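Okay, structure first, notes after.
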Amino acid sequence: MKIMEIDGGKEISGTIRISGAKNATVALIPAAILTDEQATICNIPEITDTEALCDILTTLNVKIHRASESIVIDPQEMKNIEIEESYSKKLRASYYFMGALLGKYKKAIMYFPGGCSIGARPIDQHLKGFEALGAKVTVDRNKYIVEAEELKGANIYLDIASVGATINIMLAATKAKGTTIIDNAAKEPEIVNVATFLNNMGAKITGAGTSTIKIEGVEYLHQCFHEVIPDRIEAGTYIIAGSLCGKNLKIDNIIPEHIDSLLSKLEEIGVDLEVGADYVIVSKKEKYKSSTIKTAVYPGFPTDLQQPLTVLLTQSTGKSKIIETIWENRFMHIPYLRELGADISIKNQTATIVGPTKLTGTTVVATDLRAGASMVIAGLIATGKTKITNVEHILRGYEQIVEKLTSVGAKITIKEI
Ligand code: EPZ
């Protein structure tokens, strides 16, 4: 197991360069098997989720050529075999292989996906979409078998604006016969990035980023070159850290429009932000206002940033609230923030934070990816040393987090125990 140690109280200053978006990358890599030639993707973050997906490609006999932060994927000799549980369990996004294999071969066999334990995380909307396209879904113990004689375009209404279901149905529909309409589609920027990738191969997808996406099936997908968008959640995480211990900390290589909701909330709280074309500069201030945040689908406040933002609210004066509307179990960081000294209570899906409170270093657990990020931020401002266990969760989604924070003055180390 890996453990992180942080000596709190250091000022962080300088520039942090944001990497490619994890939540785009984990869809782009499976999507790449749809090409009938080969696909080159650059700005790929070197995180463990990328490694896990490349391992799955290798088991499918897909040829991979890795260079720094880029990958060439050649599926011309791939085999459509069952994806073992040991692979699919490593991350939730392994389920994108269902849509991609169904779209390419009209058949996909894989075990239930894994992922952070932030909720039950059903995939009924994904399966509803596959069935609408003409597939038959069989659940054989903890394995899905999805197959179709023929995939035909359909009108699909999502009961929930699910990011995963929107992308997975788009993958399956890309080569279906006829036109597919996805209504009540999710609008996250990562969905647009995947649609652009598929269109670069010759797909015919319009409306990505809106709640209605139209996919006209095509027969052939040619080679293409594509770039992963910057990670808006990584960017937001470091901006929040900068608001608590930064001095002119520059978060570079971002798309500010993708975090409009966060930047507006931070301004409401009183954070000192300079927003440029592709960067934000942030500095700590002594006093912050309390606020109420309700998570929502894009472009609302992202659920993935409510855990990091909670740490800022422990330093805001007065009573703040976070209402989590997306996931039923995304407050696992709160008991550990309390152990650090925070004053937070939970009732149903609402966390109430009273601040400001002094945080003092202790040993805490990264229960999931973004909870782990909130432990890192808390450790940066807590007095004394904070130890974080189970940091494998953090390394799934934050490329070189120790190197990036060390480069701007944080005292943070990671070691195997
Ligand atoms: C994506 O998860 C992200 N993960 C999550 O980020 C993010 O929290 C989430 O979108 C919401 O923005 C990736 O992109 C790999 P959903 P996803 O399908 O696609 C329910 C992180 O920290 N639902 O939009 O799994 C579901 O239970 C991760 O980077 C169904 O009921 O999320 C949840 O309550 C954590 N049935 C809600 O919809 C379905 O078939 C939103 O889920 C699908 C989803």
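Taking each residue as 0.36 nm, the span from Asn348 to Ser117 lengthens on full extension beyond its C-alpha to C-alpha distance by 81.4 nm. Within the shell defined by Cβ-Cβ distances under 11 Å, the residues around Lys90 carry a net charge of -3, with Lys and Arg each +1 and Asp and Glu each -1.
Measuring max minus min along each principal axis, the C-alpha atoms of segment 22-227 give extents of 40, 37, 32 Å (largest first).
Using only side-chain charges placed at the Cβ, +1 for Lys and Arg and -1 for Asp and Glu, the dipole size of segment 340-404 relative to its Cα centre rounds to 140 debye. Under a model in which nothing but the beta-carbon of Lys, Arg (+1) and Asp, Glu (-1) is charged, the chain shows a dipole of about 1020 debye around its Cα centre. The protection proxy used here, the mean number of other Cβ atoms lying within 10 Å of each residue, ranks peptides 345-353, 324-332 as follows, highest first: 324-332, 345-353. Relative contact order of the chain: 21 percent, from C-alpha pairs under 8 Å at least 6 residues apart in sequence.
Computed from Cα atoms alone, the Kirkwood hydrodynamic radius reported for segment 361-416 is 11.3 Å. Site pair Thr292 and Thr317 shows an inter-label distance of 2.1 nm when each label is modelled 7 Å from Cα along Cα→Cβ.
List the relative contact order of segment 22-227 as a percent without decimals, with contacts defined as Cα pairs under 8 Å and 6+ residues apart. Contact order relative to length: 21 percent. Were the residues from Lys177 through Met1 laid out at 0.36 nm apart, the gain over their Cα-Cα distance would be 58.5 nm.
Surface composition of the chain: carbon plus sulfur atoms contribute 50% of the solvent-accessible area (1.4 Å probe, protein chains only, all chains present).
Taking Cα atoms only, the orientation of helix 189-201 departs from the longest principal axis of the chain by about 30 degrees. Just to be sure I understand the model, the point goes 7 Å from the Cα along the line to the Cβ. What's the resulting Phe225 to Lys79 distance in nm? Between Phe225 and Lys79, the label points sit 3.4 nm apart. Between the residues Thr25, Val137, Ala172, the greatest Cα displacement towards the positive end of the dipole of segment 22-227, with unit charges on the Cβ of Lys, Arg, Asp and Glu, is found for Val137.
Considering helices alone, the calculated mean residue ellipticity of the chain at 222 nm is -9000 deg cm²/dmol, with DSSP H runs of length four and up weighted by -39500 (n - 2.57) and normalised per residue. When the GluC sites (Glu not before Pro) in segment 5-81 are filtered for DSSP coil states and for at most 12 other beta-carbon atoms within 10 Å of their beta-carbon, the remaining sites are Glu77.
In the full protein context, the chain carries 38 Å² of accessible surface per residue, based on a 1.4 Å probe and ignoring ligands, DNA and RNA. The slack in the chain from Lys415 to Arg141, taken as 0.36 nm per residue of separation less the alpha-carbon distance, amounts to 94.8 nm.
Among the listed pairs Lys265/Lys358; Lys106/Lys136; Lys63/Lys104; Lys143/Lys204, which have their C-alpha atoms separated by more than 21 angstrom in this model? Check vs 21 Å cut-off fails for Lys265/Lys358; Lys143/Lys204. In summary, the lysines within cross-link reach of Lys247, defined as a Cα separation below 19 angstrom excluding same-chain residues under 8 places away, comprise Lys10, Lys284, Lys285, Lys287, Lys404, Lys411. Rounded to the nearest 20, the size of the Cβ-charge dipole of segment 22-227 about its Cα centre is 340 debye, with Lys and Arg at +1 and Asp and Glu at -1.
The values are calculated or read from the model by the stated rules, or taken from the named source; none is laboratory data. Every value quoted in this text rests on a predicted model; they were computed, and no experiment measured them. Positions of Cβ are backbone-derived with ideal geometry, glycine not excepted, and every protein chain shown enters the neighbour counts. With ligands, DNA and RNA removed, areas are computed over all heavy atoms of the protein, side chains included. Shrake-Rupley method; radii C 1.70, N 1.55, O 1.52, S 1.80 Å.
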